[in-house]
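Following: one structure in structure tokens, then a few remarks.
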Amino acid sequence: MPAAPLASAIERIVTVDTGKTRSIKMSMDGGEISLAARHEGSAASETLDGATASEIVDGYAIGFSARYALDALRSLPGEAVEIQMSTPGDPMLWRNPAEAGALWVVMPLRV
């Protein structure tokens, strides 16, 4: 998926979470990928445009730290990010598909 729109969406959505963890939930449903955040009665969500998945499993959701995700996106070279994940409890691998040596491991959070 395009890295810049993903980073922008994370920055917009996480503004509702003023807590310590500032977590984001990524969900896949109906062939779409969306991001959401909640904190003390406030909520925000956004569907990602331009995001494609080789396999979208309806009902799949994983949480992660917005700060760590933004750090990964800012340091990965290039304009795209590939996110590989298996189960909601396992780490995600974030990489630039054009740069084999650039890899981030983003640990999941319970959200």
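Observations on the structure shown:
- In summary, strands (runs of 3 or more DSSP E) completely within region 61-111 and bearing 2 or more residues that are crowded, with 17+ Cβ neighbours inside 10 Å, at negative phi and not small (Gly, Ala, Ser) occur at 92-95, 103-106.
- Single residue of region 1-35 satisfying the filter (in contact with a helix residue (DSSP H, G or I) (Cβ under 7 Å, 6 or more places away or on another chain) and among the aliphatic types (A, V, I, L, M)) that is surrounded by the most Cβ atoms within 10 Å (Cβ to Cβ): Ile24
- Of the residues contained in region 37-45, none is found to be among the acidic types (Asp, Glu) and touching a residue at least 24 places away in the same chain (Cβ under 8 Å).
- Taken over region 14-27, the criterion of being more than 11 Å from the chain's Cα centre (by Cα) and free of Cβ contacts under 8 Å to residues at least 40 places away in the same chain is satisfied by Thr15, Val16, Thr18, Gly19, Lys20.
None of the figures in this text is laboratory data; all of them are computed from the coordinates on show. Being a predicted model, the structure only gives us computed values, none of them experimental. Reconstructed Cβ throughout: ideal geometry from the backbone, glycine too, with neighbour counts over all protein chains shown.
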